[in-house]
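The values are calculated or read from the model by the stated rules, or taken from the named source; none is laboratory data. Please read all numbers here as calculations on a predicted model, not as lab measurements. Note that we place each Cβ from the backbone using ideal geometry, even for glycine, and neighbour counts take in every protein chain shown. When the accessible area is computed, the model is the full protein with side chains, heavy atoms only, and any ligands, DNA or RNA have been set aside. Shrake-Rupley method; radii C 1.70, N 1.55, O 1.52, S 1.80 Å.
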Amino acid sequence: MTDRTAEHYESVAADYDEHWSYDPDYVRRFAGAITDALRLTSSDAIADVGCGTGLYTRHVAEAVRPTRPILCVDPVPAMLDRLPKLPGLQPLVARAEDLASGQVPLPGADTLDAIIMKESIHHVGDRRKTLEGLVGLLSRHGRILVVMLPRTIDHPLFREAHERFAQLQPETSEIVETLAAAGLRTSVSYRTFHTTIDRQRYVRLLEARYLSVLGEFSEDELRAGIAQFRHAYRDEPVLRFDEHFAFVKGWVAPG
Ligand SMILES: C[S@@+](CC[C@H](N)C(=O)[O-])C[C@H]1O[C@@H](n2cnc3c(N)ncnc32)[C@H](O)[C@@H]1O
């Protein structure tokens, strides 16, 4: 994680949940898709790596009611500070890399049955080494789910933001191949989430740099990008767009 990424999440932490909860049903449906994809049960030892504020994790915990708290791992304390104080959620300040290397040991367990990584893989430095290390933490019925956007997205951003996003985002195929090389069976499915948002509200999200790619731009560049956005969508008071997420799953082969 770069200093710029850490600073970005420190500055968005306080408003993160509000930005992402513009459609209350969206978060719940998304958390349901994660729970289903991993077939989570109450006896699973679960970690959400790069959990942020736990916006999704709390819904997963509510649905699964795990007997052991979900380990909520994130390197940015300001994000973890927003995690609700619930018995089903246990915060841990660490990077994915620290868990993977054993530099930060798993508290209270030797292995994990399920690892969630939702929209955090693009922040991980050495993805191959880190994913291999995380796979090494899985139990014999362990599985991992990497949820990620493709390089090309439909969000109504300005041109430079789309270009920068494509440069920073890993290919889905890279993640599949890495998990397979680490010895897991793998599958990929795509889930589409429809978003409807008032244009003015979306401007506020852009101003607040709600996507980490927006943290890549200076104040002037962002202002110019928002002007570009306003012009492009001047006839659309309400924006509608689809988010196509890849759900990359890996699981330990029986036997
Ligand atoms: C886009 S947010 C996603 C948060 C949460 N999973 C969600 O979907 O709401 C990315 C998160 O990854 C975290 N992160 C950044 N670098 C990381 C790393 N090296 N290992 C684990 N998490 C990291 C950030 O602090 C941030 O909370």
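Some values worked out for this structure:
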read-out	value
On Cα atoms only, tilt of 219-232 relative to the major axis of the chain in degrees	70 degrees
Taking N as its residue count, the alpha carbon Rg of the chain over 2.2 N^0.38 Å	1.00
Per residue value of the accessible surface for the range 138-248 (all protein chains in place, 1.4 Å probe), Å²	49 Å²
Net charge, Arg128 excluded, C-beta distance under 14 Å - Lys, Arg +1, Asp, Glu -1	-4
Within the range 169-255, chymotrypsin sites (Phe, Trp or Tyr not before Pro) in DSSP loop having at most 15 other beta-carbon neighbours inside 10 Å	Tyr233
Sum of -39500 (n - 2.57) over DSSP H runs of 4+, divided by residues of the chain (222 nm, nearest 500)	-12000 deg cm²/dmol
Per residue, in Å², the accessible surface of the range 87-133 once ligands and nucleic acids are set aside, probe 1.4 Å	46 Å²
Cα→Cβ-extended label distance, 7 Å offset, between Ser187 and Glu18, nm	4.0 nm
Local electrostatic count at Trp251 - Lys and Arg +1, Asp and Glu -1, tallied over other residues with Cβ under 12 Å	+4
Simple spin-label estimate for Thr5 and Val238 in nanometres, 7 Å along Cα-Cβ	3.7 nm
List Asp154, Asp113, Asp36, ordered by accessible area with a 1.4 Å probe, largest first	Asp36, Asp154, Asp113
Degrees between helix 3-20 axis and first principal axis of the chain (Cα, 0 to 90, nearest 10)	80 degrees
With every protein chain in place, the range 86-193: carbon and sulfur % of accessible area (1.4 Å)	49 percent
Computed FRET value (nearest 0.05) for Asp198 with Asp126, which takes r as the C-beta separation and R₀ as 25 Å	0.05
Highest average packing first - 165-178, 73-86, Cβ atoms within 10 Å	73-86, 165-178
Summed side-chain charge close to Asp198 - residues other than Asp198 whose Cβ falls under 15 Å, Lys, Arg +1, Asp, Glu -1	+1
